[in-house]
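Enquirer: So that we are looking at the same thing, I have put the structure below in structure tokens.
The values are calculated or read from the model by the stated rules, or taken from the named source; none is laboratory data. Predicted model, so just to flag it, every value in this text is computed and none were measured. Ideal geometry is used to build each Cβ from the backbone, glycine not excepted, and the neighbour counts take in all protein chains shown.
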Protein chains: 2
Amino acid sequence: MSSQLSASPRQGLNRRQAETVERLLAAGHEELGAVGHEALTVRTVAHRAGVSPATAYTYLASKNHLFAELFWRFLAEDAHEPTGADVIERLQSVTRHLTRRLAEEPELAAAVTSALLGSDPDVERLRLRIGGELVARFRTALGADADPVVVETVALAFSGALLQGGMGLMTYTEMGERLDAVVAVIMRGNA
Amino acid sequence: MSSQLSASPRQGLNRRQAETVERLLAAGHEELGAVGHEALTVRTVAHRAGVSPATAYTYLASKNHLFAELFWRFLAEDAHEPTGADVIERLQSVTRHLTRRLAEEPELAAAVTSALLGSDPDVERLRLRIGGELVARFRTALGADADPVVVETVALAFSGALLQGGMGLMTYTEMGERLDAVVAVIMRGNA
DNA sequence: CCCTAGATTGGACACATGTCCAGTCAGTTG
DNA sequence: CAACTGACTGGACATGTGTCCAATCTAGGG
């Protein structure tokens, strides 16, 4: 099933439905923190939200869709303005900010890493939106006239780091530190 | 269950077992090419290999383990020597080589991307081995005295690209071309 | 205050995943 | 050639995933 969801002006959901969705997402978030993404099931989320599994599936196409949705909100809920004296510092402020927030919710980060690889249409849509948002942040930090390849390089390195975080090869805190060095290396000849 | 497998000198597997494993992996490879990684099930692989599902699970801890194992062999079966006049070209020869081979087996590439995120101990082991192998290749291309951060940056960008390939955001052929530019950008100030 | 659209529910379904174990079969060994 | 070790098998089990639908609530309009 394809259940849309998450359009900014709550497309086609009346108040009652919107509340149900909110409750589901909140419950999903709690459940994720409580038992981790491996143990979480849509049915336990439904239970926690006080609705039936059938209702949960009315709004969530899949477990992956839930994770993608939660991550999208996690991203969207904070508009971060890059700060810093030069381009490198501005970029680093972005990666630092993201990794710091990721470190606060490692379960969400781990969950989304594999979720985004899913093939539900709902995941697909969120995936593009999330990717676009990340690239936009890097572009903002780099300035409008930045070399597109540099933007892409930073984005690739960042997703690579996300992947390694998702695999547990490093913590998100380490990731922040390492990315500082990586950003410096990338920008060394491209400032 | 944890089923080891894939140690170089066929640790603890007698001839008969080794043949069964070979048949299973070959069948898995065929099945993957035939129906893709979403539709593949361990039971259909077992059937194709002419063994019972129970036997398949004796050697394969999970579907993810199968994919990781296949990818590891895919990687290990070709020892590529970087070529090129300068470091950039040597690096590009490595990424080109890998993406060219990936492009020949997109299903395997897509399969392994999500498989490596799994948490079976068998996947864990293969994951480290695969990551190590990739880093080793980049380090070889860069030379023994290369800045470790540069190696890491290239590795992160490469895994990021792999991730995007796995999500279907680009073909592995495009990936090869883009990585040429990315490598050039990374090395611009680090040659 | 009743009615009704439509949100919600219970519960069964089809299917995949991975586990387990008692029983069978085959290849080596004596 | 008989016995035995251990690889293999059949089949049931517990659990998760996502789908479907007839039946039931419930909020808001008339």
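Enquirer: Specify the residue that is surrounded by the most Cβ atoms within 10 Å (Cβ to Cβ); the eligible residues are those in region B:21-49 that are away from DNA strand C (no atom under 12 Å from the Cβ) and over 17 Å from the mean Cα position of the chain (by Cα).
Expert: B:24
Enquirer: Filter region A:163-183 down to the residues that are at the interface with another protein chain (Cβ under 8 Å from one of its Cβ atoms), aliphatic (A, V, I, L, M) and part of a helix (DSSP H, G or I) and list them by number.
Expert: A:163, A:181, A:182
Enquirer: Condition first: of a type in the set (A, V, I, L, M, F, W, C) and within 16 Å of DNA strand C (Cβ to nearest atom). Now tell me which residues in region A:87-131 satisfy that.
Expert: Residue satisfying the conditions is A:117 alone.
Enquirer: Then there is this: Of the residues that make up region A:111-121, is at least one closer than 20 Å to residue A:89 by Cα, among the small types (Gly, Ala, Ser) and either in the same structural domain as residue A:42 (by TED's automatic domain parsing) or at pLDDT 95 or above (or both)?
Expert: No - not one qualifying residue is present in region A:111-121.
Enquirer: Now for a separate question. When region A:128-142 is examined, which residues are found to be of a type outside the set (A, V, I, L, M) and surrounded by 22 or more Cβ atoms within 10 Å (Cβ to Cβ)?
Expert: Across region A:128-142, the qualifying residues are A:137, A:138.
Enquirer: Among the listed residues B:91, B:128, B:116, B:169, which satisfies the condition of being out of contact with any helix residue (DSSP H, G or I) (no Cβ under 9 Å at 6 or more places or on another chain) and closer than 27 Å to residue A:183 by Cβ?
Expert: None of the other options fit; the residue is B:128.
Enquirer: Under 7 Å between Cβ atoms, which residue pairs at least 6 apart in sequence (or on different chains) link something in region B:15-35 that is touching a residue at least 60 places away in the same chain (Cβ under 8 Å) with a partner that is surrounded by 19 or more Cβ atoms within 10 Å (Cβ to Cβ) and outside any helix (DSSP H, G or I)?
Expert: Correct list of pairs: B:32/B:40.
Enquirer: I need the full set of residues from region B:33-52 which are within 13 Å of DNA strand D (Cβ to nearest atom) and either away from every other protein chain (no Cβ under 14 Å) or in contact with a Gly (Cβ under 9 Å, 6 or more places away or on another chain) (or both), in order please.
Expert: Answer for region B:33-52, where residues must be within 13 Å of DNA strand D (Cβ to nearest atom) and either away from every other protein chain (no Cβ under 14 Å) or in contact with a Gly (Cβ under 9 Å, 6 or more places away or on another chain) (or both): B:41, B:42, B:43, B:45, B:46, B:47, B:48, B:49, B:50, B:51, B:52.
Enquirer: Read through the list (1) under 27 Å from residue B:183 (Cβ atoms); (2) without any contact (Cβ under 8 Å) to a residue 12 or more places away in the chain, then give the number of the only condition that residue B:39 fails.
Expert: Single failed check for residue B:39: (1).
Enquirer: Continuing with the same structure: Show the residue pairs that are 6+ apart or on different chains and have beta-carbon atoms under 7 Å apart, the first residue being within region A:53-80 and within 14 Å of chain B (Cβ to nearest Cβ), the second being acidic (Asp, Glu) and more than 15 Å from DNA strand C (Cβ to nearest atom).
Expert: From region A:53-80, the pairs are A:62/A:120; A:64/A:120.
Enquirer: Considering only region A:106-117, I want to know if a residue exists there that is assigned to a loop (DSSP other than H, G, I, E, B), closer than 23 Å to residue A:136 by Cα and within 16 Å of DNA strand D (Cβ to nearest atom).
Expert: Scanning region A:106-117, I find at least one residue that is assigned to a loop (DSSP other than H, G, I, E, B), closer than 23 Å to residue A:136 by Cα and within 16 Å of DNA strand D (Cβ to nearest atom), so the answer is yes.
Enquirer: Report whether or not residue A:95 is more than 25 Å from residue A:30 (Cα to Cα) and not in a helix (DSSP H, G or I).
Expert: No; evaluated as a whole, the condition is false for this residue.
Enquirer: Here are some residues: A:41, A:83, A:20, A:95. Which one is modelled with pLDDT of 95 or more and farther than 25 Å from residue A:114 by Cβ?
Expert: From the options A:41, A:83, A:20, A:95, the qualifying one is A:83.
Enquirer: Hey, among B:189, B:160, which residue is within 11 Å of chain A (Cβ to nearest Cβ), assigned to a loop (DSSP other than H, G, I, E, B), touching a Gly at 6+ places or on another chain (Cβ under 6 Å) and without any contact (Cβ under 8 Å) to a residue 60 or more places away in the chain?
Expert: When all the criteria are applied, what remains is B:189.
Enquirer: Could I ask something else about it? Quick one: residue B:82 ticks every box in (1) part of a helix (DSSP H, G or I); (2) more than 16 Å from DNA strand C (Cβ to nearest atom); (3) surrounded by 14 or more Cβ atoms within 10 Å (Cβ to Cβ) bar one, so which box is it?
Expert: (1)
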